[in-house]
Structure formats: C-alpha cells, structure tokens
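The values are calculated or read from the model by the stated rules, or taken from the named source; none is laboratory data. Owing to the predicted nature of the structure, the values given are computational and were not obtained by experimental measurement. Cβ placement follows ideal geometry from the backbone for every residue including glycine, while neighbour counts extend to all protein chains displayed. Side chains included, ligands, DNA and RNA excluded: accessible areas come from the protein's heavy atoms. Shrake-Rupley method; radii C 1.70, N 1.55, O 1.52, S 1.80 Å.
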Amino acid sequence: DQQVKQNSPSLSVQEGRISILNCDYTNSMFDYFLWYKKYPAEGPTFLISISSIKDKNEDGRFTVFLNKSAKHLSLHIVPSQPGDSAVYFCAASEDNQGGKLIFGQGTELSVKP
Amino acid sequence: DVKVTQSSRYLVKRTGEKVFLECVQDMDHENMFWYRQDPGLGLRLIYFSYDVKMKEKGDIPEGYSVSREKKERFSLILESASTNQTSMYLCASGRGRSNEQFFGPGTRLTVL
C-alpha cells in the first residue's frame, strides 16, 4: 500500500514558467515532509522540507505548500530553468521514527528552453 | 563537504551469487539506510541502522541482510542473488533524529 503517492510520472514545462509537482499521502501520522531532486546516475539530493505545523516554506525559487486537511503537498518552482530537469521525489516521516522516510514514486520534470 | 560513497557504480552478477554492496559515510552520522529504486515504485527502504551492530527491517527486507560493524560503514548483502533483485541500490546516512538524509551515487546491480 503506497502511503505517499505522486500520480504524475512526468511533467513538461517551458523555461521561465511555473512548475508544480504534486504529492498525496494517506498516513495522518506523517508530520514532516521533504522534496528530493535526482539527476541520472546520481543519488537524490535534498531540496526543501516542511513541518506539519506550517503550510508554506520558501527557499529561493522553490516553495512547498502543505494542505493537511487534504493530505496534499506541492512543490512550486518559479521560474523554471532547464537545469531543473530531473526526477523529483517527495518523502514523508513520522517524527518518532528517527529519520525513516517513505518516498513517493517520483515525477520526472522536463524544462524546455 | 559531506560524502557518502558506494563501492561500485555498476555491478553484474549471476543468479545464486553472494553479493556485497558497501557504503561509507564521512559525516559521523548515527543513521544509515539502504534503498532500492525501481521505475514506477520510487525508493523503497530495505534495511536501516541507528547505531553500530544495530539493524532494523525496512519495507522490503526479504532476500537481503545487512552488517554494521563500524559507525561509518553499512553493508548490504544479497545471500543468493536473483533476477528480481536487479535494481538501483542507494545508500543514505543521517544524523540522530534529523529527517534529512544524504545519499550516495547509487550502485546499478544487474543479476543475470
């Protein structure tokens, strides 16, 4: 049973426009969420995170929104750049699990020049 | 600069062979993790460890074992490799109760 779901396997966006990547979860005990970015032949790298006590966290071009009632989070990238083309994974954690993360399936973002 | 290294980038093994995947981190992290990544399934946790000599099963431990004799090193063992273990294997480490994990570059294992 997939507790963290990314229902869009791929997304294509024009350079300069907004990219919106979505993630849904089913476990109401999750209280910390992270986004990772993965280039081919490299390991995932941490991008941005949000605690369940917040509904928004911003870091430069990247903003994560959390809607707890809908069990939904999204990552916004504005403006999108060709170098943002990668696979994006969302992940969730229950605070008392000592760092154990549950990952979604990933969304491959392609930013066209 | 933080670093997680994995012993091989690419590995080809035969069915039934014993396979060792090694992971070393230089950040003095307490926690270490092994995942496999498969298309359409994302990253799935195989085993993790919060301390030397300690190990915990993840979501898909069947067919795997692990060893953590030193804090910086976490090994994944396939006792008898099978074709359904062909995958990308990713090691990660993290500090204490922090949720942020740092990943190695991955080992792409092919079992023929």
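Being within 9 Å of chain A (Cβ to nearest Cβ) and in a loop (DSSP other than H, G, I, E, B) is the filter here, so list the residues in the range B:31-54 that pass it. Reasoning before the result, please.
If we filter the range B:31-54 for residues that are within 9 Å of chain A (Cβ to nearest Cβ), which is where we start, we get B:31, B:33, B:35, B:37, B:39-45, B:48, B:50.
Within the range B:31-54, B:Pro39, B:Gly40, B:Leu41, B:Tyr50 qualify.
Number of residues in the range A:15-45 that are within 14 Å of A:Phe65 (Cβ to Cβ) and among the polar types (S, T, N, Q): the value is 2.
Conditions (1) among the hydrophobic types (A, V, I, L, M, F, W, C); (2) not in a strand (DSSP E or B), marked per residue:
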| residue | (1), (2) |
| --- | --- |
| A:Asp1 | no, yes |
| A:Ser12 | no, no |
| A:Phe30 | yes, yes |
| A:Trp35 | yes, no |
| A:His76 | no, no |
| A:Cys90 | yes, no |
| A:Gly99 | no, yes |
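Hey, among the residues in the range B:65-104 that are of a type in the set (Ser, Thr, Tyr) and under 23 Å from A:Glu94 (Cβ atoms), which one's surrounded by the fewest Cβ atoms within 10 Å (Cβ to Cβ)? If you could, list the steps in order and put the result at the bottom.
The initial filter retains those residues of the range B:65-104 that are of a type in the set (Ser, Thr, Tyr), namely B:65, B:67, B:75, B:80, B:82-83, B:86-87, B:89, B:93, B:98.
From the residues that got through so far, the ones that are under 23 Å from A:Glu94 (Cβ atoms) too are B:93, B:98.
Working: B:Ser93: 27, B:Ser98: 14.
Only one residue fits best here, namely B:Ser98.
Screening the candidates A:Thr63, A:Thr26 for the property of being of a type in the set (S, T, N, Q) and open to solvent by less than 30 Å² (accessible area, probe 1.4 Å) yields one hit, A:Thr63. Going residue by residue through the range A:51-59, is there one that turns out to be on the phi < 0 side of the Ramachandran plot, open to solvent by 10 Å² or more (accessible area, probe 1.4 Å), modelled with pLDDT of 95 or more and under 10 Å from the mean Cα position of the chain (by Cα)? No, the range A:51-59 contains no residue that is on the phi < 0 side of the Ramachandran plot, open to solvent by 10 Å² or more (accessible area, probe 1.4 Å), modelled with pLDDT of 95 or more and under 10 Å from the mean Cα position of the chain (by Cα). Looking across the range A:37-62, the residues that are away from every other protein chain (no Cβ under 13 Å), in a strand (DSSP E or B) and charged (D, E, K, R) come down to A:Lys56, A:Glu58, A:Asp59.
Return yes when A:Cys90 is more than 10 Å from chain B (Cβ to nearest Cβ) and open to solvent by less than 70 Å² (accessible area, probe 1.4 Å) and no when it is not.
no
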